[in-house]
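Laboratory data are not the source of any read-out in this text; all were calculated from the coordinates shown. Everything numeric here is computed off the predicted structure, so don't read it as measured data. All Cβ positions, glycine included, derive from the backbone under ideal geometry; neighbour counts span all protein chains shown.
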Amino acid sequence: MGDAMARENVDVDNLQITGARPSEGPEAPLTVQDEVIIVVNQAYGPAGDPIVGITDVEFDGFPALTLLVRAEGREEQVHLSPIHGDRRKVGMADLPTGTKCELLCPVSRKPLPRVGRIGESEAEYCAIYLTKKLDEGSMIYVSDTWGHHHSRIVDNNEMISLWVAAESGE
């Protein structure tokens, strides 16, 4: 499990690392490898429930970040790669790109808080907290639109990483 393996799945062309460094230390929610690989080690739903590593799904040895997704009359756990910029996920495999989803905490079943739109897209962003304190200065913003690979990570009120993939209709 070297960095190279993790890196080959990361959309480095469309990932912008801002240069701001995330919090360090054993309890830090994020780790940086190879200057471009940012791994989410911990994340929390709106009621403070941990949502990283709650199943045995892993990506390159890192535990998945799990959300409950409702779309088109279905409800299913979706396991996201915790490596920012990595498109891999497990669950809702045949959902059409562009489908609007409701994103919920898989533990409390509470909807993720909406933070609104960013840019021109129809997609709305929902928040996943990086700390148990549910601090709005440390969050991951994820899009509620399936296949819309735009997300950003903010820690200590600073943008750490911004992923805006070209819309290639994957």
*Given the peptides 66-77, 133-144, arrange them by the average over their residues of other C-beta atoms within 10 Å, most packed first.*
133-144, 66-77
*Using the 2.2 N^0.38 Å rule of thumb for compact globular proteins, work out how region 29-68 stacks up: its C-alpha Rg over that value, please.*
1.21
*Farthest positive-ward along the chain dipole, Cα basis, beta-carbon charges - from 41, 134, 96*: 134
*About its Cα centre, what dipole magnitude does region 3-164 give when the only charges are +1 on Lys and Arg Cβ and -1 on Asp and Glu Cβ, stated in debye to the nearest 20?*
500
*So how long is each side of region 3-164 along the principal axes, counting just the alpha-carbon atoms, biggest first, in Å?*
40, 35, 33
_If each residue of separation counts as 0.36 nm, what is the full-extension length gain between residue 28 and residue 110 once their alpha-carbon separation is subtracted?_
27.1 nm
